[in-house]
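This report concerns only the one structure given below.
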Amino acid sequence: MTALCIDCGVDTAPDDDRRRRGARTSEYYMVHNHVWLAAGMVKADPTNLGRDFLCIGCLEVRLGRRLTPDDFPDVPVNKPDRWNSPRLNARLAGRR
Ligand SMILES: [Zn+2]
């Protein structure tokens with residue numbers, strides 16, 4: 001699938017070939033709606049679900065702050081994993 005950051009164009013969900021190479025660049029995550037809305041994004045619903053994406057860096061620029069674990073709902077997609085970028089795993093875990 002393709003999930004390009006709408007601000008910088010980076011693929012937030014790189015394909016399996018990149019995963020096999022261990023690129024560790026995946027930034028596929030969910031934040032609470034109030035966080036997404038604060039970044040100027042529209043609330044996800046069945047008509048736009050999975051259409052608009054932001055990488056962690058661009059989301060933080062829009063918010064003007066660093067993400068914290070409280071920004072992420074407790075859902076499976078937000079479990080830190082080895083495909084995630086180091087910065088996403090750090091935000092999920094509350095590390096700087
Ligand atoms: Zn971006």
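Only the coordinates and a few stated rules stand behind these numbers; no lab work does. Computed from a predicted structure; not experimentally measured. When we count neighbours, we look across all protein chains shown, and the Cβ atoms used for this are built from the backbone with ideal geometry, even at glycine.
The figures follow:
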| read-out | value |
| --- | --- |
| Amide hydrogen neighbours beyond the local backbone of residue 53, cut-off 5 Å, H modeled | 6 |
| Restricting the range 64-93 to trypsin sites (Lys or Arg not before Pro) in coil, as DSSP defines it, with at most 11 other Cβ within 10 Å | 65, 82 |
